[in-house]
Amino acid sequence: MEMVIGMDADLIASFKKEIRGEVVMPSDGSYNSIRKVYNGMIDKHPGMIVKCVDVADVIASVNFGRENDLLIAVRGGGHNGGGLGLCDDGMVIDLSGIKFVQVDTSNNTVRVGGGNIWGEVDHATHAFGLAIPSGMISTTGVGGLTLGGGVGYLTRKYGLTIDNLLEADMVLADGSFVTVNAKQHPDLFWAIRGGGGNFGIVTSFKFQAHPLKTVIGGPTLWPIEQTEEIMAWYDEFIHKAPEDLNGFIATMVIPGPPFPEHLHNKQFCGIVWCYTGHSDKFEEIFKPVLDKKPLFQHVGEMPYPSIQTMFDGLLPPGLQWYWRADFFNKLGTEIRSAHLKYGSKIPTPLSQMHLYPISGAAGRVGNTDTPWAYRDAKYAGVIVGVDPDAANAGKITNWCKDYYNELHPHSSGGAYSNFMMNEGQERVKASYKHNYQRLAHIKKHHDPNNLFRVNQNILPSS
């Protein structure tokens, strides 16, 4: 494995001439700000960051990295929990300069650049009364979220993000460029719908969008002491509710404004709702929620981009993050009591646990139709320790690990890859289950030397 440091200066100079974007070296003044990612706990020092502006830059970078045996990381939005958009010593191929959103109103499809973030996509599609299912935070990158699956507010109604992916343009490990869809390179098209960045660098995505202008959404809160009761009720209610209604359940602390002062710094069991149906039916559908007498509710009509940005202000880039995740089939007694126990001792105001329902449209896709192997799980769960202060890194990490260790024996085994840190090969295998072998076979065909390995890595089959 070569390092960029100590590489022949003429070689680097001639590579720079091939790139229309910018090649940032450790000696450059902008290096320290550019190497930062969303998770402030990640502190990696790449040998070179290539800020690509087009496909030609990506091809040149892949070829240079491969020919010089460099470790390659690929960065889109930089939101990855484990910091897998960066590496030490090697080359980072940064796609943040490849941005465009093109809406085709004749068939409601949308073409998006590999470096876009979801807020940019929502802004462009909203003008046409359209939306693409994505995540929960608008600063998340389109590439990472999509390639890992894409769980969010529209999962029950329109499926995962990958269920709405029609096509992608990719640069492969040998530097070749391909367009993949149901007819062209169907094996690759299957693999990238959940298999992560293992198979190549996606420079553009084509999605099916759906008519959606406004939603009715927002949080309802109950005292943390009611966690077990509310979770048992929610477990029964959410999967039988009309698919227009989504709501993820959480243990959380109210950190401060815009919430009223009497709620600040207290622990709650909360549900954040998002309803996409006709407003005249909402009251009747939502009545069982209000019958549970929430202590606080702030649920109202808003443009779809508003719910997507609701938590952006609380979770800016640069906070310390520690992640742990699992899938769950049901919220049984042991699970509910663990949520009460750890939800009652959340260490910092931004640390939280979420359970996202996987049912409705997402649950109707087969377990082998895409690499996303847990279509029959009822929840994708995630625990995050979050705090602005690096001095609290140990505190948030320990709480997160303890919470996870108590829940994991009652889980379905694997985790949603976008919620994972760098947790090793066995964890990756558990998360792809029966689909792992097929992924490994496709990996061997398209990336036999595992050039793209700074990710939730699928090893080429031997």
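Remarks
- Mean separation of Cα contacts under 8 Å (6+ apart) over length of the chain, as relative contact order %: 16 percent
- For the chain, adding -39500 (n - 2.57) for each run of n ≥ 4 DSSP H residues and dividing by the number of residues yields -8000 deg cm²/dmol at 222 nm.
- Pairs of C-alpha atoms in segment 316-462 farther apart than 18 Å represent 61 percent of all such pairs.
- Percent RCO, i.e. relative contact order, over segment 46-87, from Cα pairs under 8 Å lying at least 6 residues apart: 32 percent
- Taking one quarter of the surface of the convex hull spanned by the alpha-carbon atoms of segment 142-264 gives a direction-averaged projected area of 10.8 nm².
- Listed by chain and number, the aspartates and glutamates whose alpha-carbon sits under 16 Å from that of LYS281, ignoring those within fewer than 8 places in the same chain, are GLU243, ASP244, GLU301.
- For a label point 7 Å along the Cα-to-beta-carbon line of HIS278, residues of segment 220-262 with backbone N under 17 Å: 242-245
- Other residues with beta-carbon under 11 Å from the beta-carbon of ARG35 carry, at +1 per Lys or Arg and -1 per Asp or Glu, a net charge of -1.
- The residues neighbouring ILE19, those whose beta-carbon lies less than 9 Å from its own, together hold a net charge of +1 under the Lys/Arg +1, Asp/Glu -1 convention.
- Computed from the C-beta positions of LEU290 and ASN405 and an R0 of 25 Å, the FRET efficiency is 0.10 to the nearest 0.05.
- Taking the empirical scaling 2.2 N^0.38 Å for compact globular proteins as reference, segment 347-404 has a Cα radius of gyration ratio of 1.52.
- Computed over segment 18-107, relative contact order equals 33 percent, with contacts defined as Cα pairs under 8 Å that lie 6+ residues apart.
- Pairs over the 19 Å Cα-Cα cut-off, from the set LYS99/LYS444; LYS51/LYS99; LYS378/LYS433; LYS266/LYS341: LYS99/LYS444.
- Tensor-based shape of segment 379-456 (alpha-carbon gyration tensor, a/c under 1.5 rounded, otherwise prolate or oblate): oblate
- Among residues other than PHE128 with Cβ under 12 Å from its Cβ, the summed charge is -1 (Lys and Arg +1, Asp and Glu -1).
- Spin-label model, GLN184/ALA393: points 7 Å from Cα along the beta carbon direction are separated by 4.4 nm.
- Sorted peptide list for 175-184, 245-254, criterion being average Cβ within 10 angstrom, highest first: 245-254, 175-184
- FRET efficiency, 1/(1 + (r/R0)^6) with R0 45 Å, evaluated for LEU314 and ALA13 via beta carbons: 0.50
- Of LYS292/LYS345; LYS345/LYS429; LYS157/LYS292; LYS16/LYS36; LYS240/LYS293, pairs whose Cα-Cα distance is over 27 Å: LYS345/LYS429
- Loop-located GluC sites (Glu not before Pro) in segment 197-303, at most 11 other Cβ atoms within 10 Å (DSSP): none
FYI, it's all coordinate maths here, none of it is from the lab. On a predicted model such as this, the values are computed, not experimentally measured, just so you know. Here Cβ is always computed from backbone atoms with ideal geometry, including for glycine, and neighbour counts include all displayed protein chains.
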